[in-house]
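First up is the structure itself, then whatever we jot down about it.
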């Protein structure tokens with residue numbers, strides 16, 4: 001859909017009153033571009049105040065206050081929206097996601113995040129092959145949204161033989177939901193040229209059988225190498241995938257997003273859509289730094305990143321959404337979830353020295369994988385910050401988190417007063433001694449709250465591999481917040497389905513929703529652990545102002561305040577007032593970016609049938 005001026009209702013009224021919140025003013029007869037009134041306007045300002053109405057001119061908020069006060073902003077050309085008591089708030093800022101992969105996942109053979117037995121897994125993929133019989137024997141079948149962790153708990157970890165049993169000669173690769181694992185068949189290994197002699201990449205590994213032959217499981221950097229063998233999408237395909245991602249985001253109320261693993265393909269796609277008026281959210285992109293390249297030549301690594309950033313960054317933010325590329329992404333480790341156990345830990349993972357029926361969990365030798373050792377990390381972070389690139393560090397294990405904090409501390413010491421804004425994302429296992437360091441070092445803890453529910457990925461193996469003490473403090477968003485740290489939300493989509501309200505609900509309750517298909521049913525009811533939850537006020541700040549602060553957007557978005565861009569959403573239900581069990585059962589009815597409507601559902605659709613593309617107007621919210 002075009003990012004053109006879309007509004008809902010027209011009212012012609014003239015008023016002559018003074019406006020208390022912004023001073024006594026007079027206005028031309030045309031008034032503001034848009035007035036929204038008769039609402040529960042949750043501002044997320046410094047006092048989390050609630051107002052009734054706002055006025056918007058030129059894509060910016062020019063008034064926030066009472067219905068009576070906003071009347072002086074209503075003129076003959078003003079677009080007037082009656083909120084009818086509904087909750088309006090700042091648009092969601094998803095501060096860690098992968099929209100390029102999200103749009104692409106919509107086109108793959110989709111396992112839909114479901115926990116499958118090996119038999120169902122094979123049947124589902126075979127059905128995709130059978131439905132795609134016209135493809136030649138050399139065309140890859142790509143499969144997405146595979147719940148590897150859940151499947152391993154049911155049937156053990158698969159390998160290439162699981163795919164070799166299918167009726168096809170085509171190469172196949174299956175991507176796990178966490179995007180850290182790819183499973184391929186023997187044909188896929190052959191096409192990729194991976195064999196017994198193939199060395200592991202510096203940031204991953206090809207799992208092998210007892211004879212040293214690759215068994216089809218590729219972890220982290222090896223998974224990326226395998227994925228890179230598949231021919232990339234054409235420019236037209238990439239644009240359609242990006243359009244699909246933007247459509248999903250605006251239905252969720254996302255008005256700004258951080259693409260946490262980007263590159264020239266995404267930069268080009270978002271720029272093209274911005275130039276054609278189709279970019280419906282503010283796009284902030286991060287450049288991945290390769291650990292091997294960084295260790296070999298850190299100056300060249302940062303120089304190349306700066307060139308890419310300069311190519312796609314569009315400068316100062318404006319009311320209409322644009323593209324920003326001012327971050328670098330570093331994978332400090334893998335994931336702490338069993339069976340991968342690649343998150344870097346301070347002490348070893350536990351292993352079962354007994355049997356399945358009589359388990360005996362004792363410390364093993366594996367402490368995970370650390371991809372940027374301090375002697376590489378610290379000078380690299382310093383060079384990145386000196387180049388004007390803010391670091392965004394993936395760290396799931398407590399050692400990876402600590403080393404990330406140490407690296408940021410090093411930069412703070414070398415560059416006192418520098419205003420860089422680092423973030424550490426995921427933080428699934430954090431040593432309590434490090435909770436307060438997030439505030440002390442002004443580091444944002446970016447968290448994915450949906451992981452703080454009982455699920456196959458948390459209580460079917462990972463709990464045993466971590467042991468009781470570490471599991472009891474897994475997903476410590478509440479503990480970091482209680483220590484004064486800034487917590488921001490990131491969905492990590494498509495690692496998980498894009499479901500912002502479910503994640504916010506879990507942030508408040510640390511338990512899933514039995515009525516939501518993205519939770520896991522009665523078997524996984526109850527709290528994940530005893531780590532403290534966030535309040536409703538806190539959790540809404542994580543996806544608005546805190547996320548804006550992480551991304552250096554807080555001067556222009558993140559709250560409903562005069563002078564900021566009109567990035568706004570209207571909710572079906574009042575998040576601050578509904579019963580706790582209903583927090584996830586909400587919908588966005590209206591999404592506004594820079595004063596322009598980009599998504600609308602009833603009762604906000606109907607007065608201007610040309611306002612929305614047919615696809616967006618008819619598709620249910622995801």
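The values are calculated or read from the model by the stated rules, or taken from the named source; none is laboratory data. These numbers come from a predicted model, not from an experiment. Please note: Cβ atoms are built from the backbone with ideal geometry, for glycine as well, and neighbour counts cover all protein chains shown.
Points worth noting:
- Considering each residue of the stretch 384-401 in turn, at least one proves to be part of a loop (DSSP other than H, G, I, E, B), surrounded by fewer than 18 Cβ atoms within 10 Å (Cβ to Cβ) and at pLDDT 95 or above.
- Any hit, the stretch 71-90, residues being surrounded by fewer than 20 Cβ atoms within 10 Å (Cβ to Cβ), in contact with a helix residue (DSSP H, G or I) (Cβ under 7 Å, 6 or more places away or on another chain) and at pLDDT 95 or above: no
- Test: residue in the stretch 135-151 that is more than 27 Å from residue 564 (Cβ to Cβ), surrounded by fewer than 16 Cβ atoms within 10 Å (Cβ to Cβ), within 31 Å of the chain's Cα centre (by Cα) and in contact (Cβ under 8 Å) with a residue 12 or more places away in the chain: yes
- Some residue of the stretch 97-109 being closer than 14 Å to residue 41 by Cα, touching a residue at least 60 places away in the same chain (Cβ under 8 Å) and crowded, with 19+ Cβ neighbours inside 10 Å: no
- Residue within the stretch 456-474 that is free of Cβ contacts under 8 Å to residues at least 24 places away in the same chain and either surrounded by fewer than 18 Cβ atoms within 10 Å (Cβ to Cβ) or out of contact with any helix residue (DSSP H, G or I) (no Cβ under 9 Å at 6 or more places or on another chain) (or both) present: yes
- Residue match in the stretch 539-552 (condition: in contact (Cβ under 8 Å) with a residue 40 or more places away in the chain, surrounded by fewer than 24 Cβ atoms within 10 Å (Cβ to Cβ) and touching a helix residue (DSSP H, G or I) at 6+ places or on another chain (Cβ under 6 Å)): no
Quick grid of which residues meet (1) assigned to a strand (DSSP E or B); (2) in the same structural domain as residue 174 (by TED's automatic domain parsing); (3) more than 26 Å from residue 279 (Cα to Cα):
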{"position": "44", "(1), (2), (3)": "no, no, no"}
{"position": "48", "(1), (2), (3)": "no, no, yes"}
{"position": "54", "(1), (2), (3)": "yes, no, no"}
{"position": "62", "(1), (2), (3)": "yes, no, no"}
{"position": "71", "(1), (2), (3)": "no, no, yes"}
{"position": "81", "(1), (2), (3)": "yes, no, no"}
{"position": "104", "(1), (2), (3)": "no, yes, no"}
{"position": "107", "(1), (2), (3)": "no, yes, no"}
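- Some residue of the stretch 536-548 being in a loop (DSSP other than H, G, I, E, B) and not assigned by TED's automatic domain parsing to the domain that holds residue 48: yes
- Test: residue 319 is surrounded by fewer than 23 Cβ atoms within 10 Å (Cβ to Cβ), over 18 Å from the mean Cα position of the chain (by Cα) and not assigned by TED's automatic domain parsing to the domain that holds residue 241: no
- Test: residue in the stretch 402-424 that is within 25 Å of residue 310 (Cα to Cα), part of a loop (DSSP other than H, G, I, E, B) and out of contact with any helix residue (DSSP H, G or I) (no Cβ under 8 Å at 6 or more places or on another chain): yes
- Among the residues of the stretch 305-331, those identified as in contact with a strand residue (DSSP E or B) (Cβ under 6 Å, 6 or more places away or on another chain) and in a loop (DSSP other than H, G, I, E, B) are 313, 314, 319, 321.
- Looking across the stretch 182-194, just one residue is in contact with a helix residue (DSSP H, G or I) (Cβ under 7 Å, 6 or more places away or on another chain) and in a loop (DSSP other than H, G, I, E, B), and that is 185.
- For the stretch 232-304, the helices (runs of 4 or more DSSP H) that sit wholly inside it and include 3 or more residues that are within 16 Å of the chain's Cα centre (by Cα) are 235-251.
- Checklist (1) surrounded by fewer than 22 Cβ atoms within 10 Å (Cβ to Cβ); (2) assigned to a loop (DSSP other than H, G, I, E, B); (3) within 21 Å of the chain's Cα centre (by Cα) applied to residue 334, failing item: (1)
- Filtered by the rule that a residue be surrounded by fewer than 18 Cβ atoms within 10 Å (Cβ to Cβ) and assigned to a helix (DSSP H, G or I), the stretch 362-378 gives 374, 375.
- Among all residues of the stretch 184-199, there is at least one that is in contact with a strand residue (DSSP E or B) (Cβ under 7 Å, 6 or more places away or on another chain), touching a residue at least 40 places away in the same chain (Cβ under 8 Å) and either surrounded by fewer than 18 Cβ atoms within 10 Å (Cβ to Cβ) or not assigned by TED's automatic domain parsing to the domain that holds residue 586 (or both).
- Residue that is surrounded by the most Cβ atoms within 10 Å (Cβ to Cβ) [pool: residues in the stretch 304-316 that are over 25 Å from residue 401 (Cα atoms) and in contact (Cβ under 8 Å) with a residue 60 or more places away in the chain]: 309
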